[in-house]
Amino acid sequence: ARYFFNKEGDFNNLTAAAYHKKTHLLVTGFASGVFHLHELPDFSLIHSLSISDQRIASISINCTGDWIAFGCSGLGQLLVWEWQSESYVLKQQGHFNSMVSLAYSPDGQYIVTGGEDGKVKVWNTSSSFCFVTFTEHNSGVTAVTFTSTGYVVLSASLDGTVRAFDLHRYRNFRTFTSPRPSQFSCLAVDSSGEIVAAGSQDSFEIFIWSMQSGRLLDVLAGHEGPISSLSFNPMKCVLASASWDKTVKLWDMLDSWRTKETLIMNSDVLVVAFRPDGKELAVAALNGQITFWDHENAVQTGSIEGRHDLQMGRKELDKITAKQAAKGKSFTTLCYSADGQSLLAGGLSKFVCIYNVKEQILMKKFEISCNYSLDAMEVREHRSLFFHFLTPHKTLILVVLEDYSSVSILEHPSLLLNIVISLLGRSWAATSTEGLLLYSLDSGLIFDPFELDIDVTPSNIHKTLGQKEYTVAIVMAFKLNEKKLIQEVIEAVPSSEVDVVCSSLPDLYVEKLLEFLASAFETSCHLEFYLIWAHKLLMLHGQKLKTR
């Protein structure tokens with residue numbers, strides 16, 4: 001059969017389709033963001049809906065045929081639609097331009113990101129989902145930060161406003177502006193959350209506002225170039241400002257914002273960051289150098305030559321080699337670890353470098369993208385210098401007589417735009433042209449209890465074991481969900497009691513115990529003991545598990 005979608009003269013390109021065999025459902029997506037749901041073989045329309053104003057790029061149906069997932073690449077949307085109840089199961093949308101800046105909440109639970117699309121999004125770090133989007137800005141967001149309480153998000157934008165958002169009621173409750181319209185390039189908030197500072201890239205001034213009243217308190221002039229970065233000292237009322245005029249100025253809030261110190265650099269300054277104890281200042285400049293300062297005495301205490309660590313491959317149209325290009329690279333974002341011993345640095349390159357501050361050496365280098373750009377692959381060869389022949393197995397063999405062929409695979413750049421470390425120092429996040437990346441020392445959640453109540457504690461579990469109530473102890477251990485404790489409890493059960501314990505175990509915990517045994521077989525030396533457990537469990541509960 002052949003059916004036409006464009007009967008009404010509404011010519012609309014078909015861009016994606018999926019078919020579910022069991023339920024005979026055909027889902028079709030169009031360039032206008034509309035999808036149709038048809039039942040075959042009659043081709044009767046169940047319903048159609050517009051879910052986006054961009055083309056639907058891909059469609060997938062789950063195995064039962066209840067949920068349909070749509071991807072719209074133009075806006076970075078992911079939607080899951082339940083067609084029977086006609087409701088959304090999941091709605092997620094990323095930034096549809098680059099993410100430019102990000103910040104961790106003080107407890108490390110959330111990350112806020114700002115993008116060139118003018119959106120401010122807050123993400124949950126454990127589920128990786130965005131749970132609120134603020135769209136009040138009319139232009140690209142250049143900086144975002146949390147206050148020390150973690151309930152307020154601040155964002156600076158090129159539209160000339162700094163906005164404060166409340167994470168309790170999800171609303172924009174303060175908007176800070178300057179007397180003359182200014183494009184704000186950087187933002188900082190002091191440790192009390194009362195003073196908000198933003199730097200301008202066109203008037204070369206720093207604006208100071210009060211969070212409580214929303215009033216402009218002061219305008220700090222003195223820099224002769226755009227302000228590139230601001231940072232408040234966590235321990236003192238001192239603001240550090242970096243500018244393209246090759247200086248870092250320190251302003252004393254208690255001394256009516258007078259310039260306390262001016263640090264002269266060799267190159268345009270791109271970013272400043274205070275150590276968490278407030279005693280050291282790290283400064284990154286355009287020449288790729290990171291310098292460390294004792295700001296109290298205006299003395300430089302060390303420096304790192306970092307531009308070679310940012311070296312990338314050579315792109316197809318590059319006129320200069322990768323080695324020469326590295327000379328123009330520099331760090332655009334710095335962040336101290338929680339203990340102040342390490343420094344994370346990233347720039348417009350695919351590498352994030354971790355330096356030891358005391359030794360001033362590179363400890364680790366993360367590659368955040370392994371993209372190869374295939375349009376930039378070049379093979380030069382001299383045909384006369386190699387011959388090829390087919391072996392009896394039809395394999396083509398190339399014999400190179402002289403190494404004249406040069407193959408260079410060129411890298412597609414993934415640019416790093418910003419990095420931050422969580423307050424606990426266990427994880428760090430980076431915004432890049434590939435999206436928001438999270439790196440963590442913990443492979444998963446450390447504490448993930450199941451149906452926990454107040455009596456389930458390690459000491460109570462040990463007490464129950466002592467009273468030889470093995471089934472209760474196992475159930476309590478699974479509620480606490482600590483792997484070592486579960487292992488200890490199971491290994492404390494005598495092999496003669498395994499049969500009794502297995503028969504009295506609730507169904508819900510049978511599956512959990514089988515999952516645990518499966519992982520224990522990989523590592524444990526008590527193989528026979530665990531095989532007895534698995535055998536008894538499957539003999540007693542196998543039939544129930546099969547029907548489920």
For segment 25-43, name all the residues that are closer than 22 Å to residue 87 by Cβ and either among the basic types (Lys, Arg) or surrounded by fewer than 14 Cβ atoms within 10 Å (Cβ to Cβ) (or both).
39
In segment 225-234, anything among the hydrophobic types (A, V, I, L, M, F, W, C) and open to solvent by less than 10 Å² (accessible area, probe 1.4 Å) is listed as 227
Check on residue 241, at pLDDT below 95 and hydroxyl-bearing (Ser, Thr, Tyr):
no
Assuming residue 468 fulfils every condition listed in (1) part of a helix (DSSP H, G or I); (2) loosely packed, with under 14 Cβ neighbours inside 10 Å apart from one, which condition is it?
(1)
Just the residues that are among the charged types (D, E, K, R) and part of a loop (DSSP other than H, G, I, E, B), please, taken from segment 108-159.
116, 117, 119, 136, 159
Would you pick out the residues in segment 58-72 that are out of contact with any Lys or Arg (no Cβ under 9 Å at 6 or more places or on another chain) and within 12 Å of residue 18 (Cβ to Cβ)?
58, 59, 60, 61, 62, 67, 68, 69, 70, 71
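Residue-by-condition table, conditions (1) among the charged types (D, E, K, R); (2) open to solvent by 30 Å² or more (accessible area, probe 1.4 Å); (3) more than 24 Å from residue 305 (Cβ to Cβ); (4) in a strand (DSSP E or B):
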site	(1), (2), (3), (4)
212	no, yes, yes, no
219	no, yes, yes, yes
223	no, no, yes, no
236	yes, yes, yes, no
242	no, no, no, yes
250	no, no, yes, yes
254	no, yes, yes, no
266	no, yes, no, no
273	no, no, no, yes
Hey, among the residues in segment 305-343 that are under 30 Å from residue 237 (Cα atoms) and out of contact with any Leu (no Cβ under 8 Å at 6 or more places or on another chain), which one's surrounded by the fewest Cβ atoms within 10 Å (Cβ to Cβ)?
339
Scan segment 73-89 for residues that are in a strand (DSSP E or B) and without any contact (Cβ under 8 Å) to a residue 24 or more places away in the chain and report the count.
6
Output yes when any residue across segment 524-533 is open to solvent by 60 Å² or more (accessible area, probe 1.4 Å), at pLDDT 90 or above and touching a helix residue (DSSP H, G or I) at 6+ places or on another chain (Cβ under 6 Å), and no when none is.
no
Kindly indicate the residue of segment 95-107 that is assigned to a loop (DSSP other than H, G, I, E, B), under 16 Å from residue 125 (Cβ atoms) and open to solvent by 20 Å² or more (accessible area, probe 1.4 Å) and also modelled with the lowest pLDDT among those meeting that condition.
107
Residue check: is residue 260 in a strand (DSSP E or B), touching a Leu at 6+ places or on another chain (Cβ under 6 Å) and of a type outside the set (A, V, I, L, M, F, W, C)?
yes
When you look at residue 19, is it within 17 Å of residue 130 (Cβ to Cβ) and out of contact with any Asp or Glu (no Cβ under 6 Å at 6 or more places or on another chain), yes or no?
no
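The values are calculated or read from the model by the stated rules, or taken from the named source; none is laboratory data. This is a predicted model, so every value here is computed, not measured. Using ideal geometry, Cβ is built from the backbone for each residue, glycine included, and neighbour counts are taken over all protein chains shown. Side chains included, ligands, DNA and RNA excluded: accessible areas come from the protein's heavy atoms. Shrake-Rupley method; radii C 1.70, N 1.55, O 1.52, S 1.80 Å.
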